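A.B. asks: Mind having a look at this structure? Questions to follow.
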Amino acid sequence: MVSRRALLGAGALLLVGCGPPEEQEVNATQVWGEQLRASQRALAAYPPGISSRAKASARVDRLEALAGAAGETATATPGLEAALNAERVALQTHVAAVGQLADRESRATLADLIAGTAEAVSALRLLMDEPPIVDAFPGQRNRP
């Protein structure tokens, strides 16, 4: 029969080798590259003549400077629905990056990107005759 004290001792031995999980080092260039690719896909999805397209292009230009590369040439079948879906994905990508990049400058840049992308989502929804905001927390994945 095993005593409670023996079980506690065995548990303590198991925990000795376990410490707090090591934090993974974040590659900022890689994170900015993800932001760039998401924004490029959103820009590619805009149909011509939509005013939000110019702001999406400015976000891509800003991210190209941060990512240190031109990124990829994104292709999409342009349309309001496609642009809305791509902007939603970009918004989720920007929100997720806040937890990865902790320096003040990165957080300020991400805040600008989140605000601009959320504005684009609202503008596209209005063009589609939908209410501009339907989520309590834009950019967060919907939970079942």
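Read the figures in this text as sums done on the coordinates, not as results from a lab. These figures come from a predicted structure and were not determined experimentally. A quick note on method: Cβ atoms are made from the backbone with ideal geometry, for glycine too, and the neighbour counts reach across all protein chains shown.
A.B. asks: Which value in nm describes the separation of the simple spin-label points at residue 26 and residue 51, placed 7 Å from the Cα toward the beta carbon?
C.D. replies: 3.4
A.B. asks: With each label point set 7 Å from Cα along the Cα-Cβ vector, what nm distance links residue 81 and residue 128?
C.D. replies: Label at residue 81, label at residue 128, 0.8 nm between them.
A.B. asks: For the range 25-127, taking Cα atoms only, what is the radius of gyration to one decimal and the Dmax to the nearest whole Å?
C.D. replies: 12.8, 42
A.B. asks: Under 8 Å for C-alpha pairs, at least 6 residues apart: give me the relative contact order for the range 25-127, rounded to a whole percent.
C.D. replies: It comes to 35 percent, rounded to a whole number.
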